[in-house]
Each structure stands twice: as C-alpha cells, then as structure tokens.
C-alpha cells in the first residue's frame, strides 16, 4: 500500500477578522476565514523555550524541562489586484492588518476541504513583519510573519459543527 502524501500546494494561509479573538480555541469554525491570495509558500513554526536543568549530576548530556511555547506563521506570495466580490485577502489587506497592529485568527489548512483538512494549524496572532518587493520587470511580491498569541490548535481542536 502506497503512502498518501499530503500535497503542500493545497495548504494555504487564511485570516479571520470577524470571529472575536476572545473565542475559545475549540469554538472556532472555518465560517469566517478568508484565503490569502496567490501564495508561493507558507508555513507554521512551533518553538519551546527549554528550562535548563543540567547539573554536575547530568553526566555528558544536557537536561531540561518543558518551558514556554510559542508559534509563528509565515507567508510569501504574488501581489494581485483583487476586485470585489472576490473574498480572497490581498497583500493590501495584509498591509492594513499589520499597520493596525490588531490581532486576528490565522489558519493554515487545505483550501479545498477546510474542516476535513488532514493538517490544520490555527490560532490568534498578529502580523509583526510585512514586506513588499518591487523588482524591475518582475512580479510584485509580499511576505508576512505572524506571531502567535496564546495556544495554537490543530484539526482535532477545530469546531466542525455545521
């Protein structure tokens, strides 16, 4: 039996500015998430700040305890002119979100299947880094970095109630 590898092309970044950021992680639905347009790459990074417990009793290997956890999401894409009623999020909307400093819900999930996506990462975050590139005779591009605020959820945490 062949492995069913997940195609990363379908997993894209979404943003939800409608659902209150005070909503419980397990009460969030995909209803208000809008897709970020024309990404070329995106990702999730979770980190743990280890608390060192290494002492002279540790021997040759370092020891540590689980410390604070944090997470970030990042995305890069092609800037496109989005015309209403297209619901995708443009680079200009991301710029405005960065400029405001406001937190919102962000998610990475399969664009075709949403609630049944085999991999979902989501949580409240804010855009802490935004950049535009305007190369000569090439497509305009953008990139963002999102800093997570609080716990991140996955596909098992998402509320899939219709």
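The values are calculated or read from the model by the stated rules, or taken from the named source; none is laboratory data. Predicted model only: the values in this text are computed from it and were never measured. We place every Cβ from the backbone using ideal geometry, glycine too, and count neighbours over all the protein chains shown.
Residue 72: touching a helix residue (DSSP H, G or I) at 6+ places or on another chain (Cβ under 8 Å) and within 23 Å of residue 156 (Cα to Cα), yes or no? In short, no. Taken over segment 112-162, the criterion of being part of a loop (DSSP other than H, G, I, E, B), more than 19 Å from residue 19 (Cβ to Cβ) and touching a strand residue (DSSP E or B) at 6+ places or on another chain (Cβ under 9 Å) is satisfied by 118, 119, 134, 135, 139, 140.
Just one of the listed residues (33, 44, 14, 5) is at pLDDT below 95 and either out of contact with any strand residue (DSSP E or B) (no Cβ under 7 Å at 6 or more places or on another chain) or surrounded by 11 or more Cβ atoms within 10 Å (Cβ to Cβ) (or both), namely 5. Within segment 97-118, being surrounded by 14 or more Cβ atoms within 10 Å (Cβ to Cβ) and out of contact with any helix residue (DSSP H, G or I) (no Cβ under 6 Å at 6 or more places or on another chain) holds for 97, 98, 103, 104, 105, 106, 107, 108, 109, 114, 115, 117. Restricting attention to segment 19-30, the residues that are in a helix (DSSP H, G or I) and either out of contact with any strand residue (DSSP E or B) (no Cβ under 9 Å at 6 or more places or on another chain) or over 12 Å from residue 123 (Cα atoms) (or both) add up to 1.
Evaluated against (1) surrounded by 12 or more Cβ atoms within 10 Å (Cβ to Cβ); (2) touching a strand residue (DSSP E or B) at 6+ places or on another chain (Cβ under 7 Å); (3) not in a strand (DSSP E or B), residue 93 falls short on exactly one condition, (2).
Identify all residues within segment 31-71 that are within 13 Å of residue 121 (Cβ to Cβ) and part of a loop (DSSP other than H, G, I, E, B); write none if there are none. Selection gives 33 alone. Return yes when residue 87 is closer than 24 Å to residue 27 by Cα, loosely packed, with under 14 Cβ neighbours inside 10 Å and touching a strand residue (DSSP E or B) at 6+ places or on another chain (Cβ under 9 Å) and no when it is not. Yes; evaluated as a whole, the condition is true for this residue. Return the only residue of 73, 109 being out of contact with any strand residue (DSSP E or B) (no Cβ under 6 Å at 6 or more places or on another chain) and in contact (Cβ under 8 Å) with a residue 60 or more places away in the chain. Criteria check complete, one pass: 109.
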